[in-house]
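S.K.: Please read through the structure below; I'll follow up with questions.
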Amino acid sequence: SQTIHQWPATLVQPVGSPLSLECTVEGTSNPNLYWYRQAAGRGLQLLFYSVGIGQISSEVPQNLSASRPQDRQFILSSKKLLLSDSGFYLCAWSKWQVETQYFGPGTRLLVL
Amino acid sequence: DQQVKQNSPSLSVQEGRISILNCDYTNSMFDYFLWYKKYPAEGPTFLISISSIKDKNEDGRFTVFLNKSAKHLSLHIVPSQPGDSAVYFCAASAVSGAGSYQLTFGKGTKLSVIP
């Protein structure tokens, strides 16, 4: 069966510091990978998605970036965090050409 | 412009009764609709989905109804149980190219099932 991991689970970072969140998927190959953010009281906002190694599509212009160095690894980064980057970050995967996405446990980020 | 709307932020239902969660959408290009359940501080869990060519899909206590002409779908939970208390997200899917589907989510409805 497939599993998706995210770490860390919780992160408190000062404004202006860098960020690296990691997501890995097990039990499947060549998944589509996604990064979402849920701000307080809001729905899920798609940030990035990837259909293959090195292929990243961005949905929202911001100071975040994503990379996919390996088939089942997806990384969300920032060089300098803003207060508005606080939120709950979710990684998800889906099979090629399949609509259903499966989510990881999430990372709660608090920028102070 | 919110393409997927869940107009009820919260809903309270007595245990054993039916819960009905509603969702409206505006984009007629959506071809697949999904419901997710989310507990606090956890990732959403996929519940049930429906293709745009169908009007009903059932899985155990969960049934999703789709009315394409009204651009409306609903999730019915019968009977409701206290463990169903969570936030429910409606999502709609459209092809984004290169074999990927993008999901557009509503803001969620918090369901509370009262024992």
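S.K.: What is the Cα radius of gyration of the protein assembly as shown over 2.2 N^0.38 Å, N being its residue count?
M.R.: That works out to 1.02 for the protein assembly as shown.
S.K.: Another one. Taking 4 °C and 1.567 mPa s as the conditions, I'd like the Stokes-Einstein D for chain A in µm²/s, using the Kirkwood hydrodynamic radius from alpha carbon pairs.
M.R.: Value of D from the Cα-based Kirkwood radius: 93 µm²/s.
S.K.: Which one, A:Leu76, A:Gln55, A:Val12, projects farthest toward the positive side of the charge dipole computed for chain A from Cβ point charges (K/R +1, D/E -1)?
M.R.: A:Val12
S.K.: If I take R0 = 35 Å and measure r between the Cβ atoms of A:Val15 and A:Ile53 in this structure, what FRET efficiency does the formula 1/(1 + (r/R0)^6) give, to the nearest 0.05?
M.R.: Plugging the Cβ-Cβ distance into 1/(1 + (r/R0)^6) gives 0.60.
S.K.: Need the list of aspartates and glutamates near B:Lys56 for cross-linking: C-alpha distance under 16 angstrom, and skip anything on the same chain fewer than eight residues off.
M.R.: The qualifying aspartates and glutamates are B:Asp24, B:Asp31.
S.K.: Hey, another quick one. Of all accessible surface on the protein assembly as shown at a 1.4 Å probe, what whole percent is carbon and sulfur?
M.R.: 52 percent
S.K.: Next question, about the same structure. Can you give the relative contact order of chain B as a percent, counting alpha carbon pairs under 8 Å and 6+ residues apart?
M.R.: About 36 percent, as a whole number.
S.K.: Show log10 I(q)/I(0) for the range A:46-112 at q = 0.15, 0.23, 0.29 Å⁻¹, two decimals, from a solvent-free Debye sum over equal Cα scatterers.
M.R.: At q = 0.15, 0.23, 0.29 Å⁻¹ the computed log10 ratios are -0.52, -1.16, -1.51.
S.K.: Mind putting a number on the dipole of chain B about its Cα centre? Charges go on the C-beta only, +1 for Lys and Arg and -1 for Asp and Glu, and I need it in Debye to the nearest 20.
M.R.: Here chain B has a charge dipole of around 120 debye.
S.K.: Could you grab the relative contact order for chain A? Cα pairs under 8 Å, six or more apart, rounded to a whole percent.
M.R.: With pairs under 8 Å counted, the relative contact order is 36 percent.
S.K.: What size of dipole, in debye to the nearest 20, comes out for the protein assembly as shown about its Cα centre when the only charges are +1 on Lys and Arg C-beta atoms and -1 on Asp and Glu C-beta atoms?
M.R.: 300 debye
S.K.: By how many nm would the segment from B:Asp59 to B:Ile114 lengthen if fully extended, with 0.36 nm per residue of separation less the alpha-carbon distance?
M.R.: 17.5 nm
S.K.: Then there is this: Between the range A:90-112 and the range B:1-29, what's the alpha-carbon centroid distance in Å?
M.R.: Measuring centre to centre over Cα atoms gives 22 Å.
S.K.: When the dipole is taken about the Cα centre of the range A:16-112, and only Lys, Arg (+1) and Asp, Glu (-1) are charged at their Cβ, what size is it in debye, to the nearest 20?
M.R.: That gives a dipole near 200 debye.
S.K.: How large is the Kirkwood hydrodynamic radius of chain B, counting all unique pairs of alpha carbons, in Å?
M.R.: About 14.3 Å, per the Kirkwood formula over Cα pairs.
S.K.: Among the listed pairs A:Lys95/B:Lys54; A:Lys95/B:Lys107; A:Lys79/B:Lys110; A:Lys80/B:Lys110; A:Lys80/B:Lys5, which have their C-alpha atoms separated by more than 29 angstrom in this model?
M.R.: A:Lys79/B:Lys110; A:Lys80/B:Lys110; A:Lys80/B:Lys5
The values are calculated or read from the model by the stated rules, or taken from the named source; none is laboratory data. Note that this is a predicted model, so its numbers are computed, not measured. Backbone-built Cβ (ideal geometry, glycine too); neighbour counts: all protein chains shown. Accessible surface is based on the protein model in full, side chains and every heavy atom, while ligands, DNA and RNA are left aside. Shrake-Rupley method; radii C 1.70, N 1.55, O 1.52, S 1.80 Å.
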